[in-house]
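The values are calculated or read from the model by the stated rules, or taken from the named source; none is laboratory data. Just so you know, these numbers come straight off a predicted model, no measurement behind them. Using ideal geometry, Cβ is built from the backbone for each residue, glycine included, and neighbour counts are taken over all protein chains shown. Just so you know, the surface numbers come from the protein's heavy atoms only, side chains and all, with ligands and any DNA or RNA stripped out. Shrake-Rupley method; radii C 1.70, N 1.55, O 1.52, S 1.80 Å.
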Amino acid sequence: MILALDSSTSWLSLAVGVVEHGRVRWLANRTRRDGGKHTVALPADIEEILFDARISPGQLTSCAVGLGPGSFTGLRVGLATIKGMAYGRQLKTAGVSSLRALAFEALSHASAVTPCVAVLDARHGEIYAGIFNGPAAEPAGAELCVKPAALAEALGDAGGKAQLVGEGVQVYRDVLRHDFDEAQLAEGPLSPDARAVGDLCVSLPPFSIEGLFALEPHYVRPSEAEIKFPEGNFRPRSD
C-alpha cells in the first residue's frame, strides 16, 4: 500500500493505492485548493483518504512525496508529515520533482509525443519551469526560476515545439503568448497530482534512516531570508 502526496502549490493532492506487478492501482485520490493552508488540512485529509480507500494507517508500506519546487511552507509541511509517518512505521519512502509529476500527467494524456514544459507560479513575478521528454517525463535540463518573459530564451530551441502546462501558464498567459504559440499553452493540468508522484516513485528503496532524512525540498531559488541575509548573519530580535 502506498500513500502519495504533493503539497508544493496551493492545491493539496493525496492518493492511496496498492502496488501490483510494478504499477499502482489507485484506490482513492483527492486534489483540492486550500490556499496553501496545508498545516491545518493535511492531517485530517490523510485520515479521510485512508478511510475512503478502506485501509488503516498500519496497512501502509510506502510513501511518495513531491519535493517541489513550490511553496516553501507547503513543501516543508508535506515532507515533514511524510517523514514522521515513515520514521514511526519504517515505511519505504521516495520523493520526486513536483514539476516532473506535473509533466508526467500531461504527457500521459498527450496525443503526440512532444517535449513538455511544466510551469508553476513562483510568486513575486516569477515562474518555476522544467522541460521533460517521453512518457516517463525524463528531465531534459535543469529546473529554473525565471521571469515569464525570459522563459523562451532560457529554454532555447528546446522550447520551440514544447507544450506548456501548469498553473503558471494560466497566471502568465498574456506574457507567455508573446513568445509561444497559443496552441502551446495548454489549459491543464494545473498542479501536480499525487497519483503521478506515486507512479514515478513506484520502485522504492528499502527503508533506511539515512535515506529518509536525505530527502529534502527542492526549492530551486533561495528563500526570502537567504536573499535578505546572504551571509547568513540573521539575528532574531530580542524583544
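What to note about this one:
- All of Phe132, Phe180 fail the test of being in a strand (DSSP E or B) and either touching a Leu at 6+ places or on another chain (Cβ under 9 Å) or free of Cβ contacts under 8 Å to residues at least 24 places away in the same chain (or both), apart from Phe132.
- Subset of segment 113-139 (residues that are crowded, with 23+ Cβ neighbours inside 10 Å and over 14 Å from Thr9 (Cα atoms)): Cys116, Val117, Gly130, Ile131, Phe132, Ala137
- Residue satisfying all of: in segment 69-112; touching a strand residue (DSSP E or B) at 6+ places or on another chain (Cβ under 8 Å) and assigned to a loop (DSSP other than H, G, I, E, B); surrounded by the fewest Cβ atoms within 10 Å (Cβ to Cβ) among these: Ala110
- Test: residue in segment 149-169 that is under 28 Å from Leu12 (Cβ atoms) and among the polar types (S, T, N, Q): yes
- Hits in segment 181-199 - residues which are surrounded by fewer than 21 Cβ atoms within 10 Å (Cβ to Cβ) and aliphatic (A, V, I, L, M): Ala183, Leu185, Ala186
- Members of segment 140-177 found to be open to solvent by 60 Å² or more (accessible area, probe 1.4 Å) and without any contact (Cβ under 8 Å) to a residue 40 or more places away in the chain, listed by number: Ala142, Lys147, Ala149, Glu153, Asp157, Gln170, Asp174, Arg177
- Filtered by the rule that a residue be basic (Lys, Arg) and either at pLDDT 95 or above or open to solvent by 70 Å² or more (accessible area, probe 1.4 Å) (or both), segment 200-239 gives Lys228, Arg235, Arg237.
- Number of residues in segment 55-68 that are open to solvent by less than 10 Å² (accessible area, probe 1.4 Å) and either among the small types (Gly, Ala, Ser) or free of Cβ contacts under 8 Å to residues at least 12 places away in the same chain (or both) equals 4.
- Every condition in (1) modelled with pLDDT under 95; (2) closer than 25 Å to Gly160 by Cα holds for Ala44 except the one numbered (2).
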